[in-house]
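The structure under discussion appears below in the form of structure tokens.
The values are calculated or read from the model by the stated rules, or taken from the named source; none is laboratory data. All values reported here derive from a predicted model rather than from experimental measurement. Note: ideal-geometry Cβ built from the backbone for every residue, glycine included; neighbour counts use all protein chains shown. Note: areas computed on protein heavy atoms with side chains; ligands, DNA, RNA excluded. Shrake-Rupley method; radii C 1.70, N 1.55, O 1.52, S 1.80 Å.
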Amino acid sequence: MDERLNVYESKMTKTFDGLLKEYMGIRAGRANPHVLDKLRIDYYGTPTPIQQLANITVPEARMIQIQPWEASLIRPIEKAIQTSDIGINPNNDGKIIRLVFPELTEERRKDLVKDVKKKGEAAKVAVRNIRRDGNDALKKLKGTEVSEDQIKDMEEQLQKMTDKFIKNIDKEIESKSKEIMTV
């Protein structure tokens with residue numbers, strides 16, 4: 001592959017990895033500690049990820065247990081969870097915060113699948129935009145030391161790369177949708 005295309009492959013890879021990260025945060029009936037990844041707790045004036053302030057475990061399929069290293073952090077962690085979009089009320093016994101995930105209803109599962117597909121479509125659009133940028137850059141090479149045949153080859157390589165990423169995104173959409181719909 002032409003090294004000029006590496007930058008576009010790198011951008012497409014970042015888009016794909018970003019989608020995978022977003023999918024990690026979507027819970028599918030099972031407790032997944034990644035739903036807490038975006039939470040930041042004010043720790044001595046610094047927004048700090050919850051993973052750096054507490055031990056997070058999954059003792060049961062539908063429960064996340066958060067054990068702060070400092071007792072004074074229970075309130076701020078609880079408040080951060082309540083104001084987040086997780087949609088679960090935390091319970092605490094003074095030492096440990098527990099998040100109990102309810103069984104997902106059929107309607108909620110369908111909403112999550114729609115969300116998964118929407119995020120997948122957004123990633124595909126981003127990949128296609130990267131291809132467009134690449135094609136624009138290749139068109140600008142016409143009339144330079146690069147031959148028409150070389151430009152044509154690079155355009156084909158860029159298209160193959162795009163097709164590969166679109167196929168991978170489709171696989172991820174399918175797999176995450178299946179995971180969500182499995183009761």
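Element breakdown for the stretch 16-137 at a 1.4 angstrom probe: carbon and sulfur atoms account for 50% of the accessible area.
Taking all protein chains together and a 1.4 Å probe, the residues Phe16, Phe101 rank Phe16, Phe101 from largest to smallest accessible area.
Once you wrap a convex hull around the alpha carbon atoms of the stretch 1-100, what is its projected area averaged over all directions, in nm²?
On the way: hull surface 34.1 nm².
Mean projected area for the stretch 1-100: 8.5 nm², to one decimal.
If the elastic network links every pair of Cα atoms under 10 Å, which of Gly18, Gly94, Gly45 fluctuates the most in the Gaussian network model of the chain? Answer for the Gaussian network model of the chain: Gly45.
Please return the longest range in the chain lying between exposed loop sites, taking trypsin sites (Lys or Arg not before Pro), DSSP loop only, at most 16 other beta-carbon atoms within 10 Å, and leaving the sites out. Maximal segment without exposed cleavage sites: 96-139.
Pop the C-beta distance of Asp42 and Val100 into the FRET formula with R0 = 30 Å and round what comes out to the nearest 0.05. Can you show the working numbers first?
Working: r = 25 Å, r/R0 = 0.84.
With R0 = 30 Å, the Cβ-Cβ based efficiency is 0.75.
Take every Cα pair under 8 Å in the chain that's 6+ residues apart, average their separations, divide by the length, and report that relative contact order as a whole percent. Can you show the working numbers first?
Numbers: 204 pairs, mean separation 45.7, N = 183.
Dividing the mean separation by the residue count of the chain yields 25 percent.
Legend: calculated FRET efficiency, Lys110 to Lys79, from the Cβ-Cβ distance at R0 = 45 Å, rounded to 0.05, equals 0.90. Placing unit charges on the Cβ atoms of the charged side chains and taking the dipole of the stretch 1-151 about its Cα centre, the candidate lying farthest along the positive direction among Ala122, Ile151, Ile64 is Ala122.
A 1.4 Å probe run over the protein chains yields, for the stretch 1-81, 57 Å² of accessible area per residue, whole-number rounding. A Förster distance of 35 Å, applied to the separation of the beta-carbon atoms of Lys142 and Leu20, puts the FRET efficiency at 0.45.
Run the dipole for the chain about the Cα centre, Lys and Arg Cβ at +1, Asp and Glu Cβ at -1, nothing else charged, and hand back the magnitude in debye, nearest 20.
Working: 34 positive and 31 negative charges, 85 e Å.
Dipole of the chain, to the nearest 20 debye: 400 debye.
Along the axis of the charge dipole computed for the stretch 4-100 (Cβ charges of +1 for Lys and Arg, -1 for Asp and Glu, origin at the Cα centre), the listed residues Asn6, Asn89, Leu53 are led at the positive end by Asn6.
Considering helices alone, the calculated mean residue ellipticity of the chain at 222 nm is -18500 deg cm²/dmol, with DSSP H runs of length four and up weighted by -39500 (n - 2.57) and normalised per residue.
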